[in-house]
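The values are calculated or read from the model by the stated rules, or taken from the named source; none is laboratory data. Computed from a prediction, not measured in an experiment: that's the story for all the values here. So basically every Cβ, Gly included, is an ideal-geometry build from the backbone, and we count neighbours across all protein chains shown.
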């Protein structure tokens, strides 16, 4: 039943999503965006992310099918964006160039997507849907968005507390982690795409 709350399922869902969202690891990107003059609304980011998770939880697969896109292809596209952003962190370069027409508000892109509600997190959401009751997943997503909100709100204070040197080291470390995540996301889903293609051609 939808209303069957299970604390163990809630905790499991929370930590699985917390690990894949990795809001702590993406802090250097958030701080970098703010230094570049980009605006970020923590509450809006948390609410938009929650909405994306909920929409994808129930109609994600059906929505993608409207555009003849499968989950694996969606995950591959998201992995490429994460890969590019990770390169920016590791190599201290700006691949996503700002132009006069570039929006100053970075709340949705790249914070909500692909950093928070990215391809990895959304596909993970679909995978745990088959294991846990919906209410436990919804509460786990809400709890994660609560953490996201506070981390985004106090990003500058956290930076001041840790210091520029520590933030720089964290940026490099998590940049490599993000690279690894993007590569794994890419290879795993490309393998699935190739397998499906081979089955269709045989």
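Residue-level check: of (1) crowded, with 16+ Cβ neighbours inside 10 Å; (2) in contact with a strand residue (DSSP E or B) (Cβ under 7 Å, 6 or more places away or on another chain), residue 39 misses just (1). Taken over the range 35-63, residues that are in a helix (DSSP H, G or I) and either under 13 Å from residue 110 (Cβ atoms) or at pLDDT 85 or above (or both) amount to 18.
Against the condition loosely packed, with under 13 Cβ neighbours inside 10 Å and more than 15 Å from the chain's Cα centre (by Cα), how does residue 199 come out, does it pass? Yes: the conditions hold for residue 199.
Of all the numbered requirements in (1) closer than 23 Å to residue 78 by Cα; (2) crowded, with 17+ Cβ neighbours inside 10 Å; (3) modelled with pLDDT under 80, residue 102 misses one, and that requirement is (2). Annotation note: Cβ proximity below 9 Å between a residue of the range 191-202 that is over 12 Å from residue 76 (Cβ atoms) and a residue that is part of a helix (DSSP H, G or I) (sequence gap 6+ or interchain) occurs for 196/72. Of all residues in the range 64-81, those satisfying the criterion of being in a helix (DSSP H, G or I) and surrounded by 13 or more Cβ atoms within 10 Å (Cβ to Cβ) are 64, 71, 72, 73, 74, 75, 76, 77, 78, 79, 80, 81.
Of the residues making up the range 81-99, those that are touching a helix residue (DSSP H, G or I) at 6+ places or on another chain (Cβ under 7 Å), at pLDDT below 80 and closer than 22 Å to residue 184 by Cα are 81, 82, 85, 86, 89, 95. Number of residues in the range 1-34 that are part of a loop (DSSP other than H, G, I, E, B) and in contact with a helix residue (DSSP H, G or I) (Cβ under 8 Å, 6 or more places away or on another chain) equals 10.
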